[in-house]
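> This is the structure, below, for whatever I ask next.
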Amino acid sequence: MRNGPGFTSIPHVTKPTRSTLVLLRFPFFFFLAPVFLSALATSPRLNPGKAVAAFLVIHFLLYPASNGFNSYYDRDEGSIGGIKKPPLVTPDLLWVSLALDILALALGFIISAWFVLYLFLYGLGSKAYSWDRIRLKRYPVWSWLSVGIGQGAATFIASYGAINDLGFRDLLDPRLLIPAGLIGVILLGVYPLTQVYQHEEDKSQGVTSFSMLVGIRGTFLVSSSCLAVGGIGFALYFSGLFSVLAGIVFLGFMAPVLACFMLWLVRVFADPAAADWKNAMRMNLVASACMNLCFILMFVAARSGFLTRS
């Protein structure tokens, strides 16, 4: 059994342990990048400096801080996203995570005050997920929705605002709600798939995840519905934003994702043991790679004049 959250020793924050560096999960940014890149692909303007700053702050400070804080309180012994065998949590993990949060807030002023507000609110929401005094993950539906809204829609809007160097009032443009909502729906589809192999771990912690609530088959049915709505919605959105060809290209990039998902679904329905970490990470890798590449190519095509906005 792992030690509880309380520690009496004061860690050396300037020298994080190897365990802490692993649990911050810096490489995991690849799986979360589609949200930012979808905002990049749909942006009519570009402030290069602020776009790069926002990407780095979100993916290499904000997200790792969230990963570390939640790992400190979760103390998972089973596989988690990106790590098959999590290392033992050490005391410095909490303080390094909080230091990354503070650094993110400080650097956020490079972009704008409203971006700092986004970072602050996201940080609070992510900490509520695993912090033992709130532990939002105990509430399956609310935790599921919080991912779609916070990590999906809100992060899209914040990324779009930073990329285009918008003021706060510009972020309230109703037209942003369509792509923000679509990326949020896609995350609502992806998120349960990251829980489907953690049922035993969550049960041992007294947590009922959304995937546990709906069951293994229910997880795949909910995820397929959300991914279908999000995928078709984005195809239609890109068709209207650029051209029908852009919508077709998007669906072409999603074809491998659909194939991977359907093969996994068939295997799981035949044998629930196939709902494991290895297959979940393969699915996540295929989906993230296809979406990242698609959004990057759309951005390049739009900047090069191959795609023109309607």
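FYI, it's all coordinate maths here, none of it is from the lab. Everything numeric in this text was worked out from a predicted model, so none of it was measured. All Cβ positions, even for glycine, are placed from backbone atoms using ideal geometry, and neighbour counts span all protein chains on display.
> Eigenvalues of the Cα gyration tensor times 5, then square-rooted: what semi-axes does that give for the chain, in whole angstrom, largest first? Intermediate values should be presented prior to the final figure.
Values: eigenvalues 193, 134, 48 Å².
Equivalent ellipsoid semi-axes, largest first: 31, 26, 16 Å.
> DSSP H helices in the chain with Cα extent of 15 Å or more along the helix axis and mean Kyte-Doolittle hydropathy at least 1.6?
On the way: long enough: 29-41 (17 Å, 2.29); 63-74 (16 Å, -1.12); 92-108 (24 Å, 1.86); 113-130 (27 Å, 0.97); 177-190 (19 Å, 2.58); 210-241 (38 Å, 1.47); 244-270 (38 Å, 2.27); 277-304 (40 Å, 0.91).
Those that clear 15 Å and a mean of 1.6 are 29-41, 92-108, 177-190, 244-270.
> So, counting K/R as plus one and D/E as minus one, what does the shell of residues with Cβ under 13 Å around A99 add up to? Before the final figure, lay out the partial values.
Working: positive: K15; negative: D92, D101.
Once all neighbours under 13 Å are counted, the net charge is -1.
> Two decimals, Cα atoms only, Kirkwood Rh: what is Rg/Rh over region 176-263? Let's see the in-between values first.
On the way: Rg = 15.3 Å, Rh = 14.1 Å.
For region 176-263, the value is 1.09.
> Helix-only estimate, please: 222 nm mean residue ellipticity of the chain, summing -39500 (n - 2.57) across DSSP H runs of length 4 or more and dividing by its residues, to the nearest 500. Working shown, then result.
Values: 13 runs with 199 residues, N = 310.
For the chain, the value works out to -21000 deg cm²/dmol.
> Return the long-range amide H neighbours of I80 (sequence gap of 5 or more, or a different chain), with a cut-off of under 5 Å between placed amide H atoms.
Under 5 Å from the amide H of I80 lies no amide H from a residue far enough along the sequence or on another chain.
> Compute the distance in nm between two label points, each set 7 Å from the Cα along the Cα-to-Cβ direction, one at L245 and one at L46.
Output for this residue pair reads 1.9 nm.
> Given R₀ = 25 Å, FRET efficiency for L145-L121 by Cβ-Cβ distance, to 0.05?
Numbers: r = 15 Å, r/R0 = 0.61.
It comes to 0.95.
> Turning to a different aspect of this structure: Quick one: what does P(r) look like for region 225-310 with 10 Å bins over all Cα pairs, in whole %?
The percentages, shortest bin first, are 17, 42, 25, 12, 3.
> Give me the percent relative contact order of the chain, please, defined on Cα pairs under 8 angstrom at least 6 residues apart. Please list the in-between numbers first.
On the way: 418 pairs, mean separation 64.3, N = 310.
It comes to 21 percent, rounded to a whole number.
> Under the rule a/c < 1.5 gives rounded, and otherwise a/b versus b/c splits prolate from oblate, where does region 77-212 land using the Cα gyration tensor?
On the way: a/c = 2.43, a/b = 1.44, b/c = 1.69.
The shape class here is oblate.
> Another one. How would you order 198-206, 35-43, 145-153 from highest to lowest mean count of nearby Cβ atoms within 10 Å? Numbers along the way, then the final one.
Working: 198-206: 15.4, 35-43: 24.7, 145-153: 20.6.
So the peptides 198-206, 35-43, 145-153, ranked by packing, come out 35-43, 145-153, 198-206.
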